Amino acid sequence: MSGHSKWSSIKHKKGAADAKRGQLFSKLSRAIIVAAKEGGPDPASNLALQNAIEKARSYSMPKDNIERAIQRGSGAGADAAAFETVVYEGYGPEGVAVLVEALTDNRNRTAADVRHLFAKHGGNLGASGVVAWQFERRGIVLVAADGADEDELMLAAAEGGADDVDRDGSTFQVSSAPEALSSVREAVEAAGFVVETAELSLVPKTTVAIEDEATARRVIHLVEGLEENDDVQEVYANFDIPERVLEAVAS
């Protein structure tokens, strides 16, 4: 499992009642608004919207919030039209590749903020394309491993269209082509498994192993700093940090 997926799972568990929940819902809403604006309000024919809704559900965003965001994106949409997608790429401590996806109404402000965060945490912002080739887009469903039968999970996942199931510590990672994300989640839940998160992710093709807790903390501080920026939607990185170290860093 990629280090970023493990970190996302740990944050999801620890942050269920976190003070940052409001900011998270705001970001999830923004993604839904833009997806609905660009591809229409019907998730059945709009993969980006379908995936934005899947992610919002994973973080227990209320149905009313989701529907309001869809209406805002498919209506007059003045707020949606103001946002544009921007991708930033660079390297963190120990050469960890970092890719940042943002939705912003002020490209200059966001670029300055992201550049500052890279520099503050021992990284370097690079040119477009410098790390993107190290990642591939995948649908990722994380399932709690406690009490789960791996063979049954693999069967259910395959029926939903998944092509791989891996276990790492307390979590199973079910991966699929992006367009199969929703059907995989539905099949896994229908089989009685507990889904922790279901979202599109950029999965690293190769990883950078980090065992040292101090170094891991520097990497995670960079990732967290970027994630806390209001304009940043997603941060992907190719670190491979053991779950016990991630738990220590998160505590």
Suppose only helical runs count, i.e. DSSP H with n ≥ 4. What mean residue ellipticity at 222 nm does that imply for the chain under -39500 (n - 2.57) per run, divided by all residues and rounded to the nearest 500 deg cm²/dmol?
-14500 deg cm²/dmol
Let me check against my output: what whole-number percent is the relative contact order of the stretch 52-167, with C-alpha pairs under 8 Å and at least 6 apart?
19 percent
I'd like the Karplus ³J(HN,Hα) series for the stretch 163-178: coefficients 6.51, -1.76, 1.60, θ = phi - 60°, whole numbers in Hz, and an x wherever there's a Gly or Pro.
10, 7, 9, 10, 10, 9, x, 8, 9, 9, 10, 9, 10, 7, 5, x
From the Cα gyration tensor of the stretch 137-197, with a ≥ b ≥ c the square roots of its eigenvalues, which class applies: rounded if a/c is under 1.5, or else prolate if a/b is larger than b/c, or else oblate?
prolate
Using the Kirkwood formula on alpha carbons, the hydrodynamic radius of the chain in angstrom works out to 18.6 Å
For the chain, what is the accessible area per residue in Å², given a 1.4 Å probe and the full set of protein chains?
45 Å²
Provide, for the chain, the number of lysine pairs with alpha carbons under 25 Å apart, each pair being eight or more places apart or on different chains.
29
HN-Hα J couplings of the stretch 187-197 from phi, Karplus 6.51/-1.76/1.60, θ = phi - 60°, integer Hz, Gly and Pro as x?
5, 5, 5, 5, 7, x, 8, 8, 8, 7, 8
Between PHE135 and residues 5 or more places away or on another chain, the pairs with built amide H atoms under 5 Å apart involve LYS205
Multiplying the sequence separation of ASP149 and ALA209 by 0.36 nm and subtracting their Cα-Cα distance, what value in nm do you get?
18.7 nm
Two pseudo-spin positions, 7 Å from Cα along C-beta at ALA112 and at ALA177, lie apart in nanometres by 4.4 nm
Where the accessible area of the chain is counted over protein heavy atoms with a 1.4 Å probe, how much of it, in %, is carbon and sulfur?
48 percent
Taking Cα pairs under 8 Å and at least six residues apart, what relative contact order does the stretch 102-251 come out at, in percent?
28 percent
Each residue of the stretch 44-50 in order: what ³J(HN,Hα) in whole Hz does its phi give by Karplus 6.51 cos²θ - 1.76 cosθ + 1.60, θ = phi - 60°, with x for Gly and Pro?
5, 10, 10, 4, 4, 5, 4
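The values are calculated or read from the model by the stated rules, or taken from the named source; none is laboratory data. Everything quoted here is computed from the prediction, not taken from an experiment. Cβ coordinates were reconstructed from backbone atoms using ideal geometry, including for glycine residues, and neighbour counts include every protein chain displayed. We work out accessible area using only protein heavy atoms, side chains counted, and drop any ligands, DNA or RNA first. Shrake-Rupley method; radii C 1.70, N 1.55, O 1.52, S 1.80 Å.
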